[in-house]
Amino acid sequence: MCKARIQVGTSGYSYTEWREAGFYPKDTKTPEMLSIYSSTFPITELNYTWYQMPKAAAMERMIHNAPTDFCFAAKLTRTMTHEVNPDQWRSQVSQYREGISPLLQSRQLAALLVQLPPGFDRTPKNRLYLAKLLDELAGLPIAVEFRHISWATDSVFEELQHREVTLVAVDRPDLPWLFPRLDVVTNHDLFYIRFHGQNAKGWRSGNMQKQFDYDYSNDELNQWIEDIIKKMAGQARKGVIFFNNHVRGQAPKNASTLIGQLIEHGMMENKSWSDS
C-alpha cells in the first residue's frame, strides 16, 4: 500500500546514462534499475506509459521489483492527450484502465498524470474534450498538467476543485506561452509538482534531450520550498514531487538534494522512507 506525506522522486528511472552519471553501478542491467532506484526513492513517475499503452502483466512484474509500499504515478498515453483519435480515445481509456489495474489493486497508484501539450490551448473544442476525458477517467486519482498559459484562470481551477482533480504545479523556463509557476491547490487530498528545469534555449529547440538539460542549484530548490512547497503542503493531505531534468543524472541528484532540504525544514522525517 502506498503511504507517505510528501514523496520525492524522478520522472522515469530506466535511463542508461544514469550509469555513467554514477546513480546506477556501471554493470546495472535495465530490469535491475527499479530495484536499485526504489532503495533510494519512494516513488517514480512512469514515462513509458505516455509512449505506449500499459499492459497489466508488465505492470505486475514492475510491482514485484519494488517494495510493497513503493508508489507509482502513471502518465496517460499520448493517444489520449497529444494524438487524439475522436473515434478511438474512449476505448483507449478502457484499455488504459485495464493496463494499470495491478497498481489499483495493490493500492500503489499515487496519481494518474494527464499531461497536455503546449498547443492544447483553452478553446471551446479543447475544453469540451478535456471535460469528456475527465468524465471517462472519473474514480482515478487524476492530476492535470497544462502547458499553455490560457488555462491559468480561476474558472479552470474551480472546475478542477469541483471534480477533485489535482492541478500540477510546474517549474519551467520563463517563456510567455507556458503555463505559469503557481501554488494553487485544487485537491486537498494531493498536491503534485514537476520540475522541468530552466533551459529556455532547450525548450525553444524542440530537442527533448536539450529541453530537460538543467541542474538546479541548492538555492533554487530552497526557494521553491519557501515560496511554494510550504504553502501547498499546508493545504493538502499529501504531495508528490518529481524531477524531469533527467539528462546526465541531474534528476536523482536534485531529488536527493530536495529531500535533504525538506528534512532540514522539518517537512520530512530524517529516516529511510521505507522504515514507516
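Points to keep in mind about this one:
- When A57 is tested against (1) loosely packed, with under 14 Cβ neighbours inside 10 Å; (2) touching a helix residue (DSSP H, G or I) at 6+ places or on another chain (Cβ under 7 Å); (3) among the aliphatic types (A, V, I, L, M), exactly one condition is not met: (2).
- Some residue of the range 118-136 being surrounded by fewer than 16 Cβ atoms within 10 Å (Cβ to Cβ), under 17 Å from the mean Cα position of the chain (by Cα) and either at positive phi or in a loop (DSSP other than H, G, I, E, B) (or both): yes
- Only one of the numbered conditions (1) modelled with pLDDT of 95 or more; (2) of a type outside the set (S, T, N, Q); (3) farther than 16 Å from V168 by Cα is not met by R248, and that is (1).
- Output for the range 143-165, where each listed residue is among the acidic types (D, E) and under 20 Å from the mean Cα position of the chain (by Cα): E145, E164
- Sub-9 Å Cβ pairs linking a first residue in the range 131-145 that is under 17 Å from S91 (Cβ atoms) to a second residue that is crowded, with 20+ Cβ neighbours inside 10 Å and of a type in the set (S, T, N, Q), at least 6 apart or interchain, are L133/T81, ordered by first then second residue.
- Selection within the range 34-49 - surrounded by fewer than 21 Cβ atoms within 10 Å (Cβ to Cβ) and assigned to a helix (DSSP H, G or I): L34, S35, I36, Y48
The values are calculated or read from the model by the stated rules, or taken from the named source; none is laboratory data. Everything numeric here is computed off the predicted structure, so don't read it as measured data. Here Cβ is always computed from backbone atoms with ideal geometry, including for glycine, and neighbour counts include all displayed protein chains.
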